[in-house]
Amino acid sequence: MSAQKTYSIRCPQCNHTQNAELYESINVAQQPELKKALFENRLNRVVCEACKASFRLDKPLLYHDPDRNILIHWMPDNAVSRDEILDEFDKSMEELRAALPEGMEPPRVRLVFDRVELVELIFIIEAGMDERVVEYIKYTVHAQNPSRLPPAKKQLLLNVQDSTADDLLFAIRDLETAELEDILRYPREAYRGVQKMYRDNPSEFEELFPGPYINARTTLLAEEVEDSEGEDTQ
């Protein structure tokens with residue numbers, strides 16, 4: 001079931017302090033209106049009692065859709081480092097495995113760091129697509145277009161809803177402005193080719209994206225750091 005908790009929050013506009021009920025987990029099978037609120041950017045949104053400013057509180061949220069076997073943990077990296085988040089996530093998964101009856105497989109829990117990634121991943125899973133295949137495509141597109149799509153500045157987001165029978169549509173998002181700049185088309189036939197590669201050799205994809213956070217940009221940026229460090233030691 002969905003769970004809420006009361007928090008004392010401060011308005012970013014006028015510094016007024018008030019209590020607010022914020023969701024810590026949502027079960028969208030039981031309460032589908034919460035999924036709609038998430039997609040419409042209304043979930044965990046607060047209106048200041050004093051100045052009436054509306055603002056969203058980004059905090060850890062567990063998204064659960066038992067009907068589709070989707071479990072995603074959104075852990076915003078606005079307060080602590082991603083390494084700390086991954087350590088905390090691993091500890092949580094160890095506790096979950098320890099609490100399960102012997103022989104029971106733990107559920108697969110995906111990890112994301114922001115709301116945009118969460119919404120995109122929900123659409124990807126609901127469409128029956130594998131996120132590793134999608135991120136592999138993003139990885140190759142970024143790598144083949146370093147000047148147009150530098151991973152430090154641009155983000156590719158799969159637009160599942162507007163994709164066609166012939167093409168997948170990827171929105172190009174500027175990370176500084178958060179604006180969507182352009183649309184990139186990727187042939188479905190090419191997607192099916194990558195999908196077959198994954199089925200034939202999943203270890204290559206799992207090595208590139210070991211999880212629990214599967215993200216092309218993060219992998220590319222880590223490779224850039226490794227290459228830079230390698231050049232410094234030569």
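The values are calculated or read from the model by the stated rules, or taken from the named source; none is laboratory data. Owing to the predicted nature of the structure, the values given are computational and were not obtained by experimental measurement. Here the Cβ is made from the backbone with ideal geometry for all residues, glycine too, and neighbour counts use every protein chain on show.
Quick rundown of the values:
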{"read-out": "Selected residue (criterion: surrounded by the most Cβ atoms within 10 Å (Cβ to Cβ)) from residues of the range 185-213 that are in a helix (DSSP H, G or I) and of a type in the set (Phe, Trp, Tyr)", "value": "Phe205"}
{"read-out": "Residues of the range 79-110 satisfying the condition of being assigned to a loop (DSSP other than H, G, I, E, B), modelled with pLDDT under 85 and either among the aromatic types (Phe, Trp, Tyr) or under 23 Å from Glu135 (Cα atoms) (or both)", "value": "Ser81, Pro107, Arg108"}
{"read-out": "Positions within the range 22-56 being under 21 Å from Leu111 (Cα atoms) and polar (S, T, N, Q), in sequence order", "value": "Ser25, Asn27, Asn41, Asn44"}
{"read-out": "Any hit, the range 122-137, residues being touching a Pro at 6+ places or on another chain (Cβ under 6 Å) and either surrounded by 20 or more Cβ atoms within 10 Å (Cβ to Cβ) or touching a residue at least 60 places away in the same chain (Cβ under 8 Å) (or both)", "value": "no"}
{"read-out": "Residues located in the range 144-198, provided they are out of contact with any strand residue (DSSP E or B) (no Cβ under 8 Å at 6 or more places or on another chain) and of a type in the set (Asp, Glu)", "value": "Glu176, Glu189"}
{"read-out": "Residue among Leu38, Leu62 that alone is among the hydrophobic types (A, V, I, L, M, F, W, C), assigned to a strand (DSSP E or B) and under 16 Å from the mean Cα position of the chain (by Cα)", "value": "Leu62"}
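Let's see how each residue does on (1) exposed (fewer than 15 other Cβ atoms within 10 Å of the Cβ); (2) closer than 23 Å to Val116 by Cα; (3) out of contact with any Cys (no Cβ under 8 Å at 6 or more places or on another chain); (4) assigned by TED's automatic domain parsing to the domain that holds Val109:
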site: Met1; (1), (2), (3), (4): yes, no, yes, yes
site: Gln13; (1), (2), (3), (4): yes, no, no, yes
site: Pro32; (1), (2), (3), (4): yes, yes, yes, yes
site: Leu38; (1), (2), (3), (4): no, yes, yes, yes
site: Leu43; (1), (2), (3), (4): no, yes, yes, yes
site: Glu49; (1), (2), (3), (4): yes, no, yes, yes
site: Arg56; (1), (2), (3), (4): yes, yes, yes, yes
